[in-house]
Amino acid sequence: MTATSTDDALGSTLMTLRGFQWVYGARQDPYALLLRAESDDPHELGRRVRANGALTWSSAEAWVTATHALAVRLLRDERLGLRKPPPTDSAPSWAMPTLDDVLPLDDVGLQLDRTDCERFGRSVAAALAAPRLKKAHTEITVRIDRLAAGLNGMFDLTSDYAVPVATMATSVLLGVPAAHQEEFARLCAGAATALDATLCPPRLDTARLLLDSIAGLRELLVSLPTGAGDDLLGELTRTEPDSVLPVALLHCAVGADLTATLIANTMCALLAEPGRWTAVATDPGLAAAAVRETLRFAPPVRLQRLVARTDLDLDGTAITAGSEVVVLLEAANRDPAAFADPDHFDPGREPAAEILWAHPAMPAGVVAETVRRHATVAVSALAAHLPTLRAAGEGYRRLRSPVTGSPLSRPVVA
């Protein structure tokens, strides 16, 4: 539908779908307010969802949970997938299209089957551990260290560091030639709203940029020589060729943005209290623990939408096939029944429960190990070079970003 829509038609549909979210939010439904992604405190909204019960119905037409125990079960439930069933012949002709109809993002792997996500994730983990990739890992570490060493005075943590680190690391990992890296960075930036666009209608210009960037990334990736390179795509070509393109697209459109978001979120949490950053600066090896705690405290994937593949019963609640079931990952990670003092950021915490952010059966699970690795190296490099770093003002986040809440700006000074 999108490819043949005029700007007027697409823009009108996106505005109408966005309007519905505002109407749902006007009823003070906490999940609908999360979808609006405006000025409301997402943590308070998560607490409100949890206070309403383990599984509650939202006026935004979805079943929602913020309870950790149920969240774990839902993410593991093979009866819940990512793809909505095709419309039935009985659907009224006047029915509004869904966001999935307007912005089909299957080309970038956001509606992969659970089994494919798990298989691709295993392939990526094996490839990352392959001896052939040691050179790429080393180059990424050296270049991140060089970026951190070049920072001084006032700079923006997100645009001057987190985003360049993420796109550079992704390009090296995928074996993108130097001549194409500037174009690659531009296309990754244009595709960075992909996850958020699965649940929140973007502006028309953002939607067009997203779709054009995904098409451009596909064209660029297909043109790359694969099979002989000592990079992720080369290793996958040798071991599991059918995973190469979907894995590459997920790393570009999802992995790079999540890496930048995780770096920024970790640094924001560390800089919120001087003692936290001082500890990591004294021992950059603590960066891994800080990143792990950030994955609980402020994960780069805040919620996960699932779709019932069949009629099912969840603890006495009847869920019909095709219904949305949404897991509020960030809120579940702050469930006091699972984590002690959950609203406190503590890098020394030994998690008493599973940290939820990128389940292996979800698209984010395919890129999870890459995201975690690169963010850890990036935080460690900043700690080594900028031990006196501190926040220098308020930052702001991407608009219409309920899934990632990605930071766009965070001024700091060294």
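The values are calculated or read from the model by the stated rules, or taken from the named source; none is laboratory data. Predicted model, so just to flag it, every value in this text is computed and none were measured. All Cβ positions, glycine included, derive from the backbone under ideal geometry; neighbour counts span all protein chains shown. These accessible areas exclude ligands, DNA and RNA; they are computed on the full protein's heavy atoms, side chains included. Shrake-Rupley method; radii C 1.70, N 1.55, O 1.52, S 1.80 Å.
For segment 363-384, the set of residues classified as touching a Phe, Trp or Tyr at 6+ places or on another chain (Cβ under 7 Å) and of a type outside the set (A, V, I, L, M) is empty. Taking segment 128-149 as the range and being open to solvent by 10 Å² or more (accessible area, probe 1.4 Å) and in contact with a His (Cβ under 7 Å, 6 or more places away or on another chain) as the test, only ALA149 passes. Within segment 171-212, the set of residues being small (Gly, Ala, Ser), within 15 Å of ARG400 (Cα to Cα) and over 18 Å from the mean Cα position of the chain (by Cα) is empty. Say whether the condition of being β-branched (Val, Ile, Thr), crowded, with 22+ Cβ neighbours inside 10 Å and either within 22 Å of LEU14 (Cα to Cα) or more than 21 Å from the chain's Cα centre (by Cα) (or both) is met by at least one residue in segment 97-106. Checked segment 97-106: no residue is β-branched (Val, Ile, Thr), crowded, with 22+ Cβ neighbours inside 10 Å and either within 22 Å of LEU14 (Cα to Cα) or more than 21 Å from the chain's Cα centre (by Cα) (or both). Scanning segment 45-79 for residues that are of a type in the set (D, E, K, R), open to solvent by 30 Å² or more (accessible area, probe 1.4 Å) and at pLDDT 95 or above returns ARG47, ARG48, ARG50, ARG73, ARG76, GLU78, ARG79. If you check THR65, THR56 for being touching a Ser or Thr at 6+ places or on another chain (Cβ under 8 Å), closer than 26 Å to ARG398 by Cβ and among the polar types (S, T, N, Q), only one passes: THR65.
Filtering segment 16-41 to residues that are at pLDDT 90 or above and surrounded by fewer than 19 Cβ atoms within 10 Å (Cβ to Cβ) leaves THR16, LEU17, ARG18, GLY19, ASP41.
Of the listed requirements (1) surrounded by 15 or more Cβ atoms within 10 Å (Cβ to Cβ); (2) not in a helix (DSSP H, G or I), ASN152 misses just one: (1). A single entry from ARG50, ARG36 fulfils the requirement of being under 18 Å from LEU356 (Cα atoms) and not small (Gly, Ala, Ser): ARG50. Selection of segment 334-387 for residues being basic (Lys, Arg), buried (at least 19 other Cβ atoms within 10 Å of the Cβ) and either under 20 Å from ARG146 (Cβ atoms) or at pLDDT below 95 (or both) yields only ARG373.
Listed by first and then second residue, the pairs with beta-carbon distance under 8 Å, at least 6 apart or on different chains, first residue in segment 171-192 and at positive phi, second assigned to a helix (DSSP H, G or I) and not charged (D, E, K, R), are GLY175/ALA136; GLY175/LEU232; GLY175/LEU233; GLY175/GLY234. Tell me, which residue of segment 157-183 that is among the small types (Gly, Ala, Ser) and more than 12 Å from ASP257 (Cβ to Cβ) is surrounded by the most Cβ atoms within 10 Å (Cβ to Cβ)? Once the filter is applied, the top-ranked residue is ALA169.
Every condition in (1) modelled with pLDDT of 95 or more; (2) buried (at least 21 other Cβ atoms within 10 Å of the Cβ) holds for LEU82 except the one numbered (1).
Taken over segment 250-294, the residue count meeting the criterion of being surrounded by fewer than 17 Cβ atoms within 10 Å (Cβ to Cβ) and in contact with a His (Cβ under 8 Å, 6 or more places away or on another chain) is 0.
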